[in-house]
Amino acid sequence: MTEKTYIDAIHDALWEEMEQRDAMIVLGEDIQEGGVFRATDGLLARFGPARVLDTPLAESSIVGVAIGMATNGCLPVAEIQFADFAYPAFNQLISEAAKWRYRSDGGYGCPIVVRMPYGAGIRGALYHSQSIEALLAHVPGLKVVAPSSPADAKALLKAAIADPDPVVYFEHKKAYRMLKEDLDGDAPVRIGAAALRRTGDDITVISYGLMAHECLEAARELAADRAVDATVLDLRTLAPLDRGAILDAARRTGKVLIVHEDNLTGGIGAEVAALIAEHAFDALDAPIRRLASPDVPAMPFNAGMEEYCLPSREKIAQAMRELAAY
Amino acid sequence: MVRVNEPRPRAAPDKLHRAMYREMLVSRELSDRMFALNRQGRAAFAVTGQGHEAAQVGSAHALRRGTDWVLPYYRDVGVMIALGMSPRDILLGLFAKADDPNSGGRQMPCHWSWPEARVVTRSSVIAANLPHAAGIAYASKLRGSKEVTVAYFGEGATSEGDFHEALNFATIHRLPVVFFCENNGYAISESTGKQMSVRHVADRAKGYDIIGSTVDGNDVLAVYQTARWNIEECRRGRGPKLVEAKTYRLVPHTSSDDDRRYRTRAELEEWIKRDPIDRFRKHLLEEGVITEDEDTALRAQVKGDIEEAVQSAEGAADPRPEDALRHVFAEDA
């Protein structure tokens, strides 16, 4: 068995796909020296500077150039060094990539992947901690994924590269070296498919990314204490949402807690809650509950302030107990 | 900045000149008709580039059609006519019909997309397509192909960050891409003095250490010659080029604009005297390439052809409303 971290899984997916696909290019800032998180470590020596491309410090053109490359037969995987710096590329993502196929009546596709390290808990402060997934999951024409484990990180990156449409891939910075597991073989994961991580009869917890991992750990602890027996659904793909899996999971227990690190208002949780309220209202035994970061502009640098803002395993467990007792 | 002032081709074939002239006439007549159809309430919107015909037709003839990648902007009726898109197809876009080849009735008129001719889809966002041109050219270079990419834009686009990012990326990698600016002096109402501190768009080439050329955009043969030289230099692997064709738009920005608020009639009158079509006709008559009678017959024929295309396109089928849901993602995925 081979133990791999989350960042190893991303690195290996890039490496293996570069080996398989001559048309694939990775591009971004500091990519050639391995990337600030080492996702592209060693790729330059293996695949050369034409396919492992250091770009100027200019996010709009990182995505814009990738769109052009994809139009002319390449499979670009772009890295935005921190999701916090993606905003200059939002025009390229939202006005261009997301509308490329639609506005050409299906004449042109846009098979790009844009990787974005996101998330807090690493003392990254306002501009190295943001969770921006809801902003992009709102945009039809973009697919958005956020893996919660090394296995999913690898499989979803491979699925994103194989996908004929633009995929934004959110990888949690704190998960890079925190999450490890034995990875042997590659079980494929379909974009658009959530995963039922655990089944229990008391409540349903829905999350994604690193928070899905925290929810699962909290559920295991509460089950071991015979306190709460929870179902845990990991969304994995944020756009398009796996509506069937969400409604099934909600119906399973009738009590739903949604957890994310992104701030509350207009987050993924709002959409998931609306879906359940619209289509599974009859199955609900309690108000839908959301646990998320407060609506502050971004994460403070101070450790106490950051901890105060972020959902944690303890806060999740507390919310689970309260919901179970409703 | 280097200015390209090569002599005109002495013995360029009459056939080419006649084709260019015809395409300029078609482009003008079609554009005038599109504006008129808007004024008659038959088309919701029109955006055209009357006055730009020499810049558009001359440069498009310097391309290898079907081989080179083209990213035209919304004024480029002349580019599309020269590349072979029919007036009927363009009018299907004007009327937002199902068979609009650009977008199936989704986009505003003249937002081109034509994969068969390597014309790349674009948005209304100014300069956003310039990084795409760099990316396309990067892929061409990576494969070692001899394709050149030509991206068209107005001088207003040179104020956008994407203009800089695209030229910067393209020059770092010495990509085969020509950035072709149709400088008509106005970004809607804003004259060039509000857009840039340099006198010519081509002056901006200095910042990238590439050749910038300024050409009289109302002289179709000069444009053809300049575009051809720049495109072929690109094809020979000599890196990106910036070309500026100085011209003037003889109509408002769009059917929703009133240009009398920001330009004088005297200025317009001056430019009407320099109309690129009148100028080329005079040249062709003087050179004996066409006769007055042939010209009269040609104009009548073009007018009739466009009228026929209008009738045909206006009567074509609308898209099914529910097709608004199609092509968000690949349908076979």
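Give me A:Asp8, B:Asp293 ranked fewest to most by other Cβ atoms within 10 Å of their Cβ, as a rough exposure proxy. Write out the running numbers ahead of the final one.
Working: A:Asp8 21, B:Asp293 8.
Going from least to most buried by this count: B:Asp293, A:Asp8.
For region B:201-306, trypsin sites (Lys or Arg not before Pro) are listed when DSSP marks them as loop and at most 13 other Cβ atoms sit within 10 Å of their Cβ; the list is B:Arg236, B:Lys273. Between region B:283-298 and region B:64-131, the alpha-carbon centres lie 31 Å apart.
The orientation-averaged projected area of the convex hull spanned by the Cα atoms of the protein assembly as shown comes to 32.0 nm². In the structure displayed, which of A:Lys4/A:Lys154; B:Lys15/B:Lys282; B:Lys194/B:Lys246; A:Lys99/A:Lys173 lie more than 19 Å apart, Cα to Cα? With Cα atoms farther than 19 Å apart: A:Lys99/A:Lys173. On the principal axes of its alpha-carbon atoms, region A:195-325 has extents of 42, 35, 23 Å, going from largest to smallest.
Give the long-range amide H neighbours of A:Arg197: residues separated by 5 or more places, or on another chain, with amide H under 5 Å away, using H modelled in the peptide plane at 1.01 Å from N. Amide H neighbours of A:Arg197: A:Val232, A:Leu233, A:Asp234.
Please state, rounded to one decimal and in Å, the Kirkwood hydrodynamic radius that region A:3-182 gives when every pair of distinct Cα atoms enters the mean of 1/r. Spell out each step's value before the answer.
Working: mean 1/r = 0.0625 Å⁻¹.
By the Kirkwood definition, the hydrodynamic radius is 16.0 Å.
Secondary structure note: in chain A, about 20% of the DSSP beta bridges are antiparallel. Averaging Cα coordinates gives a centre for region A:113-179 and one for region B:152-190; these two points are 32 Å apart.
Between the DSSP loop rule and a limit of at most 15 other Cβ atoms within 10 Å, which trypsin sites (Lys or Arg not before Pro) in region A:191-233 are left? Intermediate values should be presented prior to the final figure.
Values: sites: A:Arg197, A:Arg198, A:Arg220, A:Arg226; in loops: A:Arg226.
Sites meeting the loop and neighbour criteria: A:Arg226.
Counting, for every residue in B:139-147, the Cβ atoms of other protein chains within 10 Å of its Cβ and taking the mean gives 4.
Out of every Cα-Cα pair in region B:14-314, what percent are more than 31 Å apart? Intermediate results must be reported in sequence, preceding the final value.
Details: 11250 of 45150 pairs.
Everything past 31 Å amounts to 25 percent.
Between amide H atoms placed 1.01 Å from N, distances below 5 Å from A:Leu27 occur with A:Leu53, A:Val77, A:Ala78, A:Glu79, all of them 5 or more places distant or on a separate chain. Here the ratio of the Cα radius of gyration of chain A to 2.2 N^0.38 Å is 0.98. Loop-located trypsin sites (Lys or Arg not before Pro) across region B:64-108 with a Cβ neighbour count of 16 or fewer within 10 Å are B:Arg64, B:Arg65, with loop assigned by DSSP. Couplings for region B:221-236, taken from phi via the Karplus curve 6.51 cos²θ - 1.76 cosθ + 1.60 with θ = phi - 60°, read 6, 5, 5, 4, 5, 5, 4, 4, 4, 5, 5, 6, 4, 4, 4, 7 Hz in order; Gly and Pro are left as x. Here the Karplus relation 6.51 cos²θ - 1.76 cosθ + 1.60, evaluated at θ = phi - 60°, turns the backbone of region B:267-272 into coupling constants of 5, 4, 4, 4, 6, 4 Hz, with x for every Gly and Pro. A straight line joining the Cα centroids of region B:219-260 and region A:60-101 runs 27 Å.
Among DSSP bridges having both ends in the protein assembly as shown, what percentage is antiparallel? Round to the nearest 5. Please report the intermediate quantities before stating the final value.
On the way: 11 of 65 bridges.
Close to 15 percent.
Each reported figure results from applying straightforward, stated rules to the coordinates on display, with no laboratory input. This is a predicted model, so every value here is computed, not measured. Positions of Cβ are generated from backbone atoms using ideal geometry, with glycine treated the same way; all protein chains shown enter the neighbour counts.
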